[in-house]
Amino acid sequence: MAEQTSQEHNSAKERALPLEEAPWLSLEKRGLVNILLLSHQRAFGTPLLAGDRTGSSRRLACQELFAVDMAVLAHDDAALDSNEGPRLTYANAAALRLWRHTWPTMIGMPSRLTAPANARRERAQALQTAQRRDAYQGYRGIRIDREGRRFMINNASIWTLWDEEGRACGQAAAFSDWWWL
């Protein structure tokens, strides 16, 4: 009987512990998603997600962006021409599935590794164009998943991320049109 009581106690104790929060819902990522959504609105004059987000919680916006069908990625503001270049700071579920990565393996990875070596120059030029203009629509380029499979992305939007002080703090991209090569 004492054993059963101990098991019941442990079970109740486990239920009382808070569940570990998904990394894309962290306070840091909530801020990043807010910047990502506001910067998209600034760049293109339209919301990235359907519907009005005015007054909605940042947590809800994070959940919606993570679950949306289009691939959405962001990287930091490291110089594009540096050795390492920018590192990925965000990837939603669609992007993680497409590149066949998990959150821990994709976030922090140099963003240049999303493209095969022979397509990185073209990718860098598109990012530089987006940087100069704050936004670029209609980008098309070859990408590579974790296992080496190549795919074409089409009609991608790339935009500059702006923090609350009006400083550029990275870039983001979104697309829903792609196919395997």
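Per residue Cα convex hull volume for the range 44-181, in cubic angstrom?
That works out to 116 Å³ per residue.
What accessible area per residue comes out for the range 40-103, rounded to a whole number of Å², with a 1.4 Å probe?
50
Taking all protein chains as present, what is the carbon and sulfur share of the accessible area of the chain, in % to the nearest whole number, probe 1.4 Å?
Looking at the chain in its full context, I get 50 percent from C and S.
Mean separation of Cα pairs under 8 Å and 6+ residues apart, divided by the residue count of the chain: what relative contact order is that in percent?
Worked out over the chain, it gives 19 percent.
Please work out how much length the chain gains when fully extended from Asp163 to Arg146, using 0.36 nm per residue of separation minus the C-alpha to C-alpha distance, in nm with one decimal.
In short, 3.1 nm is gained.
Quick check: residue separation of Ser82 and Arg121 times 0.36 nm, minus the Cα distance between them. What number comes out in nm?
12.8 nm
Kindly provide the GluC sites (Glu not before Pro) of the range 97-181 that DSSP labels as loop, not H, G, I, E or B, and whose Cβ sees at most 12 other Cβ atoms within 10 Å.
Loop-located and lightly packed - Glu147, Glu164, Glu165.
Bin by bin, in steps of 10 Å, what percent of the Cα pairs in the range 102-181 do you find, going until the bin that has the longest distance?
Histogramming the range 102-181 at 10 Å steps yields 17, 48, 30, 5, 0 percent.
Where a ≥ b ≥ c are the square roots of the eigenvalues of the C-alpha gyration tensor, would you call the range 21-94 rounded, which needs a/c under 1.5, or, failing that, prolate if a/b is larger than b/c, or oblate?
Verdict is prolate for the range 21-94.
Starting at the first residue of the range 91-98, write each ³J(HN,Hα) from the Karplus equation 6.51 cos²θ - 1.76 cosθ + 1.60 with θ = phi - 60°, in whole Hz, x for Gly and Pro.
Once rounded to whole Hz, the list reads 8, 7, 4, 4, 5, 4, 5, 4.
Which of rounded, prolate or oblate describes the range 50-129 when judged by the alpha-carbon gyration tensor and an a/c cut-off of 1.5?
Prolate is the answer for the range 50-129, as a/c is 1.5 or above and a/b outweighs b/c.
Cβ neighbours within 10 Å, averaged per peptide: list 29-42, 104-117 in order, most packed at the top.
29-42, 104-117
Which whole-number percent gives the relative contact order of the range 120-181, counting Cα pairs below 8 Å spaced six or more residues apart?
For the range 120-181, the relative contact order is 29 percent.
The values are calculated or read from the model by the stated rules, or taken from the named source; none is laboratory data. Quick caveat, the model's predicted, so the values are computed rather than measured. Cβ atoms come from the backbone with ideal geometry, glycine included; neighbour counts cover every protein chain shown. Each accessible area value is taken on the protein alone, full model and side chains, heavy atoms only, with ligands, DNA and RNA left out. Shrake-Rupley method; radii C 1.70, N 1.55, O 1.52, S 1.80 Å.
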